[in-house]
1. Over region 50-263, what is the mean sequence separation of C-alpha contacts under 8 Å (at least six apart), divided by residue count, expressed as relative contact order in percent?
2. Quick one: length gained pulling residue 57 to residue 89 fully straight, 0.36 nm per residue minus the C-alpha distance?
3. Answer rounded, prolate or oblate for region 177-222, using the Cα gyration tensor with square roots of eigenvalues a ≥ b ≥ c: rounded when a/c is under 1.5, else prolate when a/b is larger than b/c, else oblate.
4. What does the extension gain come out to for residue 100 and residue 44, with contour length at 0.36 nm per residue minus their alpha carbon separation?
5. Which FRET efficiency value, to the nearest 0.05, do you get for residue 161 and residue 232 by plugging their Cβ-Cβ distance into 1/(1 + (r/R0)^6) with R0 = 30 Å?
């Protein structure tokens, strides 16, 4: 009996070890999966939420985006033939580090690229001497602001930062802003309510993170719930009570497409 018990115990030992091995395999698989997700969300794509209305109606407050970080990355010797790298073009919607505070990220539309001559006359954007058609632009008021809507001009507000003042001093010729190499001019589609290059100057090429690809979720939340780095208790309560009714289901998985800026 003792022999049999010992024999059975010895026979059972490999089975016990085999039973443990799948657990290790599952842990390893999940570890690799998590590492790949972390790699993807830091190197390939990044999540971003729209906290303000400066891009209405193209992007709404509460739109949650996935941003392609490879689109504008410097191409390598081999990768340039394998990956869809591209130059930043007029009409592109881009996510970038805010030049005044690099810890903040903004999303705007590029309306001027290096070498362009840009001006605004009575709200109308002109590029290189031609009026531009912008079907995506929204104006909330008919009021004409002497600086915002006739740009560049004498500043009329304290909300103009030093880089914009330097732009007005050094890069204006014949009433037009001349965009220098390596710099871009960005504006919000909600032109009357956008803190953009008119107020803080050019966007350096190195500050551009990527281009939004898709709205993976859209939730009708106020700006106050979305500006904090973390999730506020008020936002969590709002989600618990109104997730179904305040989710904009028609915007879920909506692709974000840029528009070419065309002369009228």
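1. 30
2. Using 0.36 nm per residue and subtracting the Cα-Cα distance, I get 9.5 nm.
3. oblate
4. Result: 17.6 nm gained on full extension.
5. Approximately 0.60, to the nearest 0.05.
Rule-based calculations on the coordinates, nothing more; no lab input. In this text the structure is predicted, and so the values were computed from the model without any measurement. Virtual Cβ from ideal backbone geometry, glycine too; neighbours counted across all protein chains shown.
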